[in-house]
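S.K.: Below you'll find the structure I mean.
Computed from the coordinates by the stated procedures, all read-outs in this text should not be read as laboratory data. Since this is a predicted model, take the numbers as computed values, not measurements. A quick note on method: Cβ atoms are made from the backbone with ideal geometry, for glycine too, and the neighbour counts reach across all protein chains shown.
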Ligand SMILES: Cc1cc2nc3c(=O)[nH]c(=O)nc-3n(C[C@H](O)[C@H](O)[C@H](O)COP(=O)(O)OP(=O)(O)OC[C@H]3O[C@@H](n4cnc5c(N)ncnc54)[C@H](O)[C@@H]3O)c2cc1C
């Protein structure tokens with residue numbers, strides 16, 4: 001299998017038994033059988049073809065900032081689009097970004113071009129692909145607010161474009177998650193703005209993040225979706241769980257909506273902590289906390 005993928009991706013872009021802890025913001029996760037890093041749409045299509053022919057399960061990922069990968073790792077192949085296909089092109093008030101571009105890099109490009117509207121996403125540590133798939137959001141804004149259209153690849157390798165209004169964006173969901181489409185890139189519709197004001201907004205959002213979130217510790221961001229009428233962090237804190245640990249996984253002292261890896265956490269520790277939080281909050285408040293982070297692989 002290795003030889004087959006190596007023949008068109010090159011040896012440097014095919015890793016065998018690759019620890020996923022190296023590719024997730026949680027710094028947790030066992031080995032992926034194969035870790036593939038395509039650089040072009042053609043290579044991505046070839047991966048889909050080979051995987052289908054050989055019956056190899058595929059998992060597509062960006063920066064791994066919303067993932068909990070199991071301790072036994074991932075069977076089949078992981079397709080990493082992180083920092084690949086990451087072109088950014090500005091044309092008037094439109095900004096195209098490839099799926100592998102980091103949202104922070106896109107925010108910097110928008111700032112340089114004096115375009116406003118992307119500031120809220122500057123501190124979200126994911127790629128454009130992961131962001132669009134998740135409809136990432138912060139501070140009252142979501143990517144859906146600024147998406148004009150998205151280019152994607154379906155499981156047959158066909159490339160299509162879909163307008164933002166047809167992407168079925170909702171709270172942390174999209175058509176890409178629903179149909180398993182691979183996001184290739186996105187055109188954002190931004191507005192001409194004032195460079196200093198754009199910079200100030202980015203700084204303000206950054207400051208709020210650094211003050212309120214444990215950004216210095218390995219995590220995958222907010223573990224739970226916001227339950228209607230509540231805040232997950234407040235419910236968890238209300239049950240006295242701030243700082244509560246299972247093994248190396250701990251409810252952040254800074255923000256109870258985050259679970260941090262104290263250094264030696266296993267995926268099992270995080271999973272047990274997630275279940276403990278869900279059970280406690282449900283028993284005391286009757287609120288079911290749904291996870292926002294994605295669980296991948298074998299636990
Ligand atoms: C400190 C911290 C703060 C965070 N703050 C926020 C926040 O404010 N708002 C927010 O919304 N999120 C936040 N997150 C979570 C995370 O950054 C976002 O969900 C982000 O959009 C994930 O992007 P990614 O590239 O890391 O995706 P990954 O974690 O690699 O993948 C996430 C999902 O997207 C899919 N995916 C990835 N790329 C593609 C692609 N090209 N095509 C199809 N599917 C794809 C994967 O299969 C997976 O299901 C935070 C995380 C951390 C660690």
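S.K.: Write down the radius of gyration of region 107-221 and its Dmax, each obtained from C-alpha positions, in Å.
M.R.: Looking at region 107-221, its Cα Rg and Dmax stand at 15.0, 45 Å.
S.K.: Something else about it: At q = 0.21, 0.24 Å⁻¹, what base-10 log of I(q)/I(0) does the Debye formula yield for region 40-121 when every alpha carbon is treated as an equal point scatterer in vacuo?
M.R.: -0.98, -1.12
S.K.: Give me the one-decimal nm value for the distance between modelled label points at residue 55 and residue 108, 7 Å along each residue's Cα-to-Cβ direction.
M.R.: The modelled label-to-label distance comes out at 4.6 nm.
S.K.: How much mean residue ellipticity at 222 nm does the chain get from its helices, if each DSSP H run of length 4 or more adds -39500 (n - 2.57) and you divide by all residues, to the nearest 500 deg cm²/dmol?
M.R.: The helix contribution divided over the chain gives -9000 deg cm²/dmol.
S.K.: What share of the DSSP beta bridges in the chain is antiparallel, in percent to the nearest 5? Write out the running numbers ahead of the final one.
M.R.: On the way: 39 of 50 bridges.
The answer is about 80 percent antiparallel.
S.K.: Rounded to two decimals, what is Rg over Rh for the chain when you use alpha-carbon atoms and the Kirkwood radius? The partial results should precede the final answer.
M.R.: Values: Rg = 19.4 Å, Rh = 20.0 Å.
Ratio of gyration radius to Kirkwood radius for the chain: 0.97.
S.K.: Same structure, new question: If you average 1/r over all unlike Cα pairs in region 94-138 and invert the result, what Kirkwood radius do you get in angstrom?
M.R.: Values: mean 1/r = 0.0969 Å⁻¹.
The Cα-based Kirkwood calculation yields 10.3 Å.
S.K.: Next up: Determine, at each q value in 0.30, 0.31 (inverse angstroms), the log₁₀ of I(q)/I(0) that the Debye formula gives when each Cα of region 147-186 is one equal point scatterer.
M.R.: Each listed q maps to, in turn, -1.10, -1.15.
S.K.: Sorted by packing (mean other beta-carbon atoms within 10 Å per residue), highest first, where do 108-121, 156-169, 286-299 land?
M.R.: Working: 108-121: 20.1, 156-169: 14.4, 286-299: 16.1.
Top to bottom by mean Cβ count within 10 Å: 108-121, 286-299, 156-169.
S.K.: Continuing with this model, one more query. Once the Cα atoms of region 1-146 are picked out, what are the Rg and Dmax in Å?
M.R.: Rg and Dmax of region 1-146, Cα atoms, are 16.4, 48 Å.
S.K.: Now a separate question. Specify the inter-centroid distance of region 4-77 and region 79-137, based on alpha-carbon positions, in whole Å.
M.R.: 22
S.K.: Once all Cα-Cα distances of region 7-63 are split into 5 Å bins that start at 0, what whole-number percent is in each one?
M.R.: With a bin width of 5 Å, the distribution comes to 4, 17, 26, 28, 15, 8, 1.
S.K.: Would you calculate the volume per residue, in Å³, of the smallest convex hull containing every Cα atom of region 234-279? The partial results should precede the final answer.
M.R.: On the way: hull volume 2.5 nm³, N = 46.
Cα convex hull per residue, to the nearest whole number: 55 Å³.
S.K.: If the convex hull of the alpha-carbon atoms of region 188-269 is projected onto planes in all directions, what is the mean projected area in square nanometres? Can you show the working numbers first?
M.R.: Working: hull surface 31.1 nm².
Its average projected convex-hull area is 7.8 nm².
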